[in-house]
Amino acid sequence: MVYGKRRVGKTTLIQKALKSSSYRTVYFECLKGTMQDNISGFVQELVRAKILPVPLNFGTLQDVFAYLNALPEKIVVVIDEYPYLKAMNDSATVDSIFQNIIDNRLVNIELILSGSHIGMMKDALQEKNALYGRFAVTIKLNELNYLEAAKFYPDKTPYDKAAHYAVFGGSPFVNQALQPTATIRENIISTILNPMSAVYLYASQLLLSDYSVKINAERIFSVIGNGKKRYTEIEDKLDVKKTGNLSKQIKSLIDLEIIARNSPINKIGDNKKSTFEINDNLLRFYFTFIYKNASALQVWGPNHSMMSI
């Protein structure tokens, strides 16, 4: 199993690891659809990888893996964004299906499960889960730390390296978009202040791809901004009724490791006694300085908007 936040390099790590493999490989990213949608999509990838000669009709995932296991050659199957499959189907049933597959149909198959919803992936490692104890290797891929990220701009001064890390964080996807010789101002203008850049789209659309209640999540981020906020402060600022929905939304963001909860040692997990902060440097910068001024950015452009930061 490989899991970690989006754009942290999971797919790249898997691809590089498989380059030295002599086995044929099929990669399938789960769809946000029904089980049958995913079976059909998986079959199409098997045809594309020339493991299946033509699309065949399979009633269940177990049937697909039983067929693959009967092939004369060993293959590697990568199931990416496994939480998508669980989100659109009964979660416990999906885990049970893969337990059955792993226990009975993996003699000739190496299976890799990958996902970005950290909470769901961690759940598969719990003793109560059907998949408990089924993984030979488990890798949680974290963002780069300061020293690792600084290798993307090695010739900068320690001050400039710290400034870049404070703004852009440790995502390899984000850091590779930076110009190593550009100033912090120039890199901000060309990336996070440029609505056409991949970095801007990553920051503005990350919640859309990972979290269904996007608007509420954005409001929570906007309230927290570049600081630590208590639960009651967030609740009052959002003017939400005390129904428990806010607590559920914050828990989902904590599971994604986008928000961090800081609790007193004697009140671990107590929302009322905790403070919350954005646990991603780029998103913290975006929701502190850019989110509220998105309309002005569209009108005045990156250079003028930079003057107000």
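Any read-out appearing in this document is the output of simple, stated calculations on the displayed coordinates, not a laboratory observation. Source: prediction; values computed, not measured. Glycine gets a Cβ as well: all are built from the backbone with ideal geometry, and neighbour counts include every protein chain shown.
Here is how the numbers come out for the structure above:
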quantity: Least to most buried among His117, His304 (fewest other Cβ within 10 Å first); calculated: His304, His117
quantity: Nitroxide proxy distance, nm - points 7 Å out along Cα→Cβ at Gln62 and Lys292; calculated: 5.6
quantity: Rough spin-label spacing in nm, given labels placed 7 Å along Cα→Cβ, for Glu233 and Gln126; calculated: 3.0
quantity: Whole-number percent relative contact order across the chain, with pairs defined as alpha carbons under 8 Å at least 6 apart; calculated: 17
quantity: Estimated FRET transfer efficiency when R0 is 25 angstrom, pair Asn303-Glu218 (beta carbons, to 0.05); calculated: 0.50
quantity: Counting DSSP beta bridges with both ends in segment 2-140, the antiparallel % (nearest 5); calculated: 0
quantity: Cleavage-rule hits (trypsin sites (Lys or Arg not before Pro)) in segment 14-97: DSSP loop, at most 16 neighbouring Cβ within 10 angstrom; calculated: Lys32, Lys50, Lys74
quantity: At most 16 other Cβ within 10 Å, DSSP loop - trypsin sites (Lys or Arg not before Pro), segment 256-309; calculated: Lys267
quantity: Nearest 10 degrees, 0 to 90: helix 91-104 Cα axis against the chain principal axis; calculated: 40
quantity: Degrees, to the nearest 10: 294-306 long Cα axis against longest axis of the chain; calculated: 70
quantity: Stretch gain in nm, segment Ser21-Asn108, where the contour uses 0.36 nm per residue and the Cα spacing is subtracted; calculated: 29.9 nm
quantity: Sites matching chymotrypsin sites (Phe, Trp or Tyr not before Pro) across segment 116-180 that sit in DSSP coil, with at most 15 neighbouring C-beta atoms within 10 Å; calculated: Tyr132
quantity: Asp160-Glu45 FRET efficiency (beta carbon distance; Förster radius 41 Å; 0.05 resolution); calculated: 0.40
quantity: MRE, 222 nm, helices only [DSSP H, n ≥ 4, -39500 (n - 2.57), over the chain, to nearest 500]; calculated: -13500 deg cm²/dmol
quantity: Shape box of segment 192-309 [Cα atoms, principal axes, largest first, Å]; calculated: 47, 26, 25
quantity: 13 Å tail of the calculated P(r), segment 90-129, as % of Cα pairs; calculated: 60
quantity: Distance violations [Cα-Cα > 27 Å] among Lys32/Lys128; Lys16/Lys122; Lys228/Lys267; Lys151/Lys292; calculated: Lys151/Lys292
quantity: Along the chain, longest interval not containing exposed GluC sites (Glu not before Pro), exposed being DSSP loop plus at most 11 other Cβ atoms within 10 Å; calculated: 128-309
